[in-house]
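Computed from the coordinates by the stated procedures, all read-outs in this text should not be read as laboratory data. Not measured: the values here are computed from a predicted model. Here the Cβ is made from the backbone with ideal geometry for all residues, glycine too, and neighbour counts use every protein chain on show.
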Amino acid sequence: MELIAIAFGAIFVNNVVLQQFYGLCPFLGVSTKKSSALSMGMAVTFVITLSTIIAFLLYDLVLVPNNITYLSTIVFILVIASFVQLVEMFIKKFSAPLYSALGVYLPLITTNCAVLGVAIDTTVNGSKIFGVGTDVTLIMVTVYALGISIGYSLVIFLFSAIREEMDAYPIKRNWQGIPIALITAFIMAMVFYGFGGIV
Amino acid sequence: MPRREKSIREIFSNGLLKQNPTFVQFLGMCPTLAVTKSVESALGMGAGVIFVLVLSNIAVSLVRNYVPKEVRIPIYIVIIASLVTVLEMIMKAFVPDLAASLGTFLSLIVVNCLILGRAEAFASKNGPLKSAADGLGMALGFTGGIVLIAFFRELLGAGSITIWGSLKLDLIPELYQVNILVQSAGAFLVFGILVSQINKYRMNKADRNEEV
Amino acid sequence: MKHITIVVTLSIVVLVASVMVFFVEAWTTPIIDDYNFEQANLAKFEVLPLLEGSDSLEADLSYDFTGTSITEVIVIPGKGYIYTAEFQGFQSIITYMVGFDTNGNITGYKTLIQGDTPGLGAEIAKDWYKDQFPGVSINDFSEIDGLVGATITFGGSAASLSKVVDFHNSTFEGVVLETPAEKLARWKKEITIDNAVITDVSGDYTLSGGISRIEFANDGSKDVAVIYTVDFEGYAGIVEYIIALDLVTNDVIGLRIVTNEETAGIGSVISEESFQTQFDAMLQIDALNGNIDEVAGSSAPITYGALKGSLTELINFHKSAFEGEVIETFNEKILRWKNEITVDNAIITDVSLDYTLTDGIYKVELVNNGSTDVAVIYTTEFIGYNPSETVVYFIAFDLVTNDIIGFRVMYQSETPGLGAKIADDSYFVQFDDLLQADALAGNIDDLAGATITTGGLKTSLVDVVNFHKVEFQGEVIGIPDPVEMSDANLLLALPDAVTFTSVYGDYTYLEDILNIYEAKNAADEVVGYIYYGHVKGYGADNIEFLFSTDKVTNTVEIVILNDTQSWDLADEYANYDGSAGLDFNTSTWLENFEGTTLQMLLTTPVDTVAGVSTTTGAMISVIETIAQYHTDESIGGGN
């Protein structure tokens, strides 16, 4: 039950893009086509989930016992960068179709702040997400990271679908591109407020 | 024809206006939207970015000739992450309330594309003085951008302008505040409208230049 | 070579970065820790702003907090004291923290936990309240304003704080607090004379009326006053007071409330000095009659009433013990009263055995003036507000005019100050000359705030008057005449019938039934019976209805003739089908009584409708009564 609440909250209520503003650059940059949005979503899901698990384990087993949590930011970004590099090499070698689908997006993910943001939020700022005094477990963190990724993929996919449709309509010159995308995101964020009432 | 070397002043103003990171390059959009609920947090975030960007540009510029090409990005990241960690600790120590209101976004300066972007695009090719000027210009341009957004969001959404702590002007009574603007969704709206208006201005100016 | 360069460069960068981070960490950590500590102890910093992060906030456990409401004290040498204490609010235990500096001033007050009524008691946690405290002297915080309407919570706060101050003064400021015994001794001198020698003489008297101790105050040569220690039950608990009476004038010369557990801000006001000073020189007669001034703006009838009752008893005790006055016994008083309300030297004869006593009347006595019986006295009891004790009174009727000539209450345990007022002389007076008709109509003083008691009395009076009418005025309270109903209406209830004959007189009287008709067809065969009945619903007037049983089809029918029922509330409830409109007489609910059989009505109860349960409940009850009556009386064979 608690896990369902965490997942629901992560996907809809605290949507990573619309409420927390993580990963906006790729959100606005990549989401012009449904196909690329889908690929980006898959790549992000993969990286966020695994790197969050790694970050959580590192934090719990290395940083906290040695009282060096202030190094979290440095350690996490290095882990994420190396991890993305590793994944890229791995996919390139073993799965050509997967590489052609995700390859281009992987390097972009290093600077996607959603990855580092979720890693920090689940560890250093864990009480903010799971409630003060909660004993945060690996399964909770995994569910949260997965929920965040699904929320990210969902929104970026919906958003790209809207933007594809929008191409068919004349838009004033100064509103084209980023401005109208931001207005669309505004309306989507308002829609997502509705989910807040469910929990 | 070899390109004329830009003066330090040109480099500085380039980031401030012509290549404004917020409104022209759309770099570092996550904090742009997340910390613009009040002018105070926008100023705080701006100060943090100024600190990190100027120092990281200088540091990258200093080591640029000794860094092997293959590992330059990891090295830049280490430098930036260390600076951010230092910034984080200093802010938590001296301006704890501001640090709390910036939250995770303070750490996320590490992945602000603006920082790594300037390291790669400018500091790795220029001397420390110019790199510092570039960093300062870009960071000030970024700060100006987010303060402008925060100005509209806080003024219209919360009816006030908070410069620092209790240095706060209450300007609009509660009845006339548009509350949605200080909520997450409002950030998209205000940013979108501002960009469209700046685009309009720039496009009109470009049109006039063509006509001449 | 290349790889070595990479490794070396990376290592150097990481090393330099680590050293930088390490130094900054060493520099900032203490500051961050300080801040976090301050955050965690925000309330303590708020109530004692002088605090610094380096101060030890260990609670000092070596003190005994018994009798205070303190749960914790933290002593910060040279800076001040932080107390955590709690008290009972209106709805919750309220925990607060208060800081004192070393100069005896309050530095801050903060409510930590409270669950009182929002807008009233809960206001105690608001800034306007706590902002009054900083800078106020701990020995005089009387100017701190509470909230009118939430006296229990705010009064409790002030009382709790003064206990904290007492503890503080005696523990840390070297102020020697008076022990309760010392205070009592001082008071006894205050209300009598300085240097009085107090001697306990309780053993010489039989103590009664809540008196627990009797003492003499001696001025060195003679006893000048007597001090009684008395307790009584107030609203929330036992109140104990001491009162001094002058041995020459026998007037009151002083009173002090010793223990008072009455509601803070309400009954507790009797402990206020302004209240007690009126006893400094009070005539005995005023104390006897309860002529005391209440504290302005207070409303505590129960506490005041109980105090007045206690004073009356005390003065009577004093009169018999010290003024040689013989206080009559209870039986003497009753006899005196019976003479007072009838004739002097009456010869009273108990004739209870001659009558069948009902309705709480348990004694009937005839009053003879020596030649003829002139009056009758009924002793009667009824239940007033207090459900466990009856009120017993007697009332006299003149045997010529049959009007009431007197009334006295013998026993009552009603609420002091409210229902108990029916035992006051001032209440008796109205019965000295009361017409019988007025007693029947309940034209007596309602006693504001005690209508349950007086309502019980009114009902009882009606019973007594009716009893009197039957037994002494030869009146037969018989069966009321039947009320006629038109054939047109009767046909609505039994359309197959042709003639209707009233058979009301043939059966036992039942209050709900106004008439009973036997219905016959053209062949003069009985086809059924119709009851014309009435019942009080929620509306102002009775519901009048016809209820028929059809002997041919063996079914029943109901027709509502008139009603003023408010049926509007019913449509809010899903279980009522309001499709037939909101009029009671067209409601589909009535179909419960149509087309079914009497047996069904008696075996399967009909449900009331939420929202209109008074009306539907009354209706169900009357129909079931009639159905039962029909069966019991075996009317037309009983079905």
- [ ] Summarise the long-distance tail of P(r) for the range C:317-372 by giving the % of C-alpha pairs beyond 19 Å.
- [x] 49
Task: Mean Kyte hydropathy of 1.0 or more with a Cα span along the axis of at least 27 Å, helices from DSSP in chain B - done: B:39-63, B:72-94, B:128-158
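Provide a whole-number value for the mean count of partner chain Cβ atoms within 10 Å of the Cβ atoms in peptide B:62-69.
3
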Open item on the list: Taking the alpha-carbon distance from C:K551 and a cut-off under 17 Å, which aspartates and glutamates remain once sequence neighbours fewer than 8 residues away in the same chain are dropped?
Closed with: C:D496, C:E518, C:D524, C:E525, C:E594, C:D632, C:E633
Task: Label-point gap, in nm, between C:N339 and C:E182 - each point 7 angstrom along Cα→Cβ - done: 5.7
TODO: Return the subset of C:K183/C:K319; B:K92/C:K79; C:K79/C:K110; B:K37/C:K110 for which the Cα-Cα distance in this structure is over 24 Å, preserving the input order.
DONE: C:K183/C:K319; B:K92/C:K79; B:K37/C:K110
- [ ] Any chance you could tell me what percent of the C-alpha pair distances in the range B:8-211 go past 31 Å?
- [x] 23
Open item on the list: Please report the net charge: other residues with Cβ closer than 12 Å to the Cβ of C:S320, K and R +1, D and E -1.
Closed with: -3
Task: Extension gain from C:L42 to C:V462, taking 0.36 nm per residue of separation minus the Cα-Cα distance - done: 144.3 nm
Task: Cα gyration tensor shape of the range A:140-199, rounded if a/c is under 1.5, else prolate or oblate by comparing a/b with b/c - done: prolate
TODO: Using Cα positions and a limit of under 27 Å, work out the lysines in reach of B:K205, with same-chain residues fewer than 8 apart set aside.
DONE: A:K172, B:K6, B:K18
- [ ] May I ask you to sort C:H3, C:H318 by Cβ crowding, counting other Cβ atoms within 10 Å and putting the fewest first?
- [x] C:H3, C:H318
TODO: Extending each Cα 7 Å along its Cβ direction at C:L353 and C:D280, get the distance between those two points in nm, one decimal.
DONE: 6.4
Open item on the list: With the alpha-carbon atoms as the only input, what is the per residue convex hull volume for the range A:1-64 in Å³?
Closed with: 116
Open item on the list: What three numbers, in Å, describe the spread of the alpha carbons of the range C:70-172 along their principal axes, ordered from the longest?
Closed with: 39, 25, 20
Open item on the list: From the mean inverse distance of alpha carbon pairs (Kirkwood) and the Cα radius of gyration, derive Rg over Rh for the range C:337-472.
Closed with: 0.95
- [ ] Enter the angle in degrees (range 0 to 90, nearest 10) between the Cα long axis of helix A:178-196 and the first principal axis of the Cα atoms of chain A, meaning the one along which they spread out most.
- [x] 60
Open item on the list: Just to confirm a number: summing +1 for Lys and Arg and -1 for Asp and Glu over residues other than C:I6 whose beta-carbon lies under 14 angstrom from that of C:I6, what do you get?
Closed with: +2
TODO: Return the FRET efficiency for the residue pair A:L158, A:T69: r is the Cβ-Cβ distance, R0 is 35 Å, and the value is rounded to the nearest 0.05.
DONE: 0.40
TODO: May I have the convex hull volume per residue, in Å³, for the Cα set of the range C:174-239?
DONE: 118
Task: Virtual spin-label span in nm between C:F472 and A:L138, 7 Å along Cα→Cβ - done: 9.8
- [ ] Would you mind calculating the relative contact order of chain B from Cα pairs under 8 angstrom and at least 6 residues apart, reporting the percent as a whole number?
- [x] 32
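Quick check on the exposure proxy: order C:Y35, B:Y201, C:Y81 from fewest to most C-beta atoms within 10 angstrom.
Ranked by crowding around the Cβ, least crowded first: B:Y201, C:Y35, C:Y81.
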- [ ] Please work out, to two decimal places, the log10 of the ratio I(q)/I(0) at q = 0.13 Å⁻¹ from a Debye calculation in which every Cα of the range B:110-212 carries one identical scatterer.
- [x] -0.72
Task: Segment C:F322-C:W128, length gained on full extension (0.36 nm per residue, minus Cα span) - done: 64.2 nm
Open item on the list: Quick check on chain C: what are the equivalent-ellipsoid semi-axes from the Cα gyration tensor, as sqrt(5λ), descending, whole Å?
Closed with: 70, 51, 16
Task: Equivalent ellipsoid, the range C:341-407 (semi-axes from 5 times Cα gyration tensor eigenvalues, Å) - done: 24, 13, 10
Task: Loop sites in the range C:234-319: GluC sites (Glu not before Pro), DSSP, at most 16 other Cβ within 10 Å - done: C:E261, C:E272, C:E294
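Seen from all sides and averaged, what is the projected area of the convex hull of the Cα atoms in the range C:33-89, in nm²?
Averaging across all directions leaves 4.7 nm² for the Cα convex hull.
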- [ ] Add +1 for every Lys or Arg and -1 for every Asp or Glu among the other residues with Cβ under 13 Å from the Cβ of C:D512, and state the total.
- [x] -2
- [ ] Report the far tail of the P(r) of the protein assembly as shown, meaning the percent of Cα-Cα pairs longer than 43 Å.
- [x] 65
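Arrange the peptides B:53-66, C:490-503, B:74-87 so that the one whose residues have, on average, the most other Cβ atoms within 10 Å appears first.
B:74-87, B:53-66, C:490-503
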Open item on the list: Suppose a student asked you for the relative contact order of the range C:139-245, using Cα pairs under 8 Å spaced at least 6 residues apart; what percent would you report?
Closed with: 15
Open item on the list: If exposed means no more than 13 neighbouring beta carbons inside 10 Å and the site is in a DSSP loop, what's the longest run of chain C without any exposed trypsin sites (Lys or Arg not before Pro)?
Closed with: C:223-639
TODO: Note the per residue figure in Å³ for the convex hull of the C-alpha positions in the range C:83-138.
DONE: 68
- [ ] Bin all alpha-carbon pair distances of the range C:1-40 at 5 Å intervals from 0 and give each bin's fraction as a whole percent.
- [x] 6, 21, 14, 14, 11, 10, 8, 7, 5, 3, 1
- [ ] Using all C-alpha to C-alpha distances in the range C:10-107, build P(r) with 10 Å bins and read off the rounded percent in each one.
- [x] 14, 32, 23, 13, 9, 6, 2
Task: Principal semi-axes in Å for the range A:1-135 [√(5λ), Cα gyration tensor, largest first] - done: 26, 20, 13
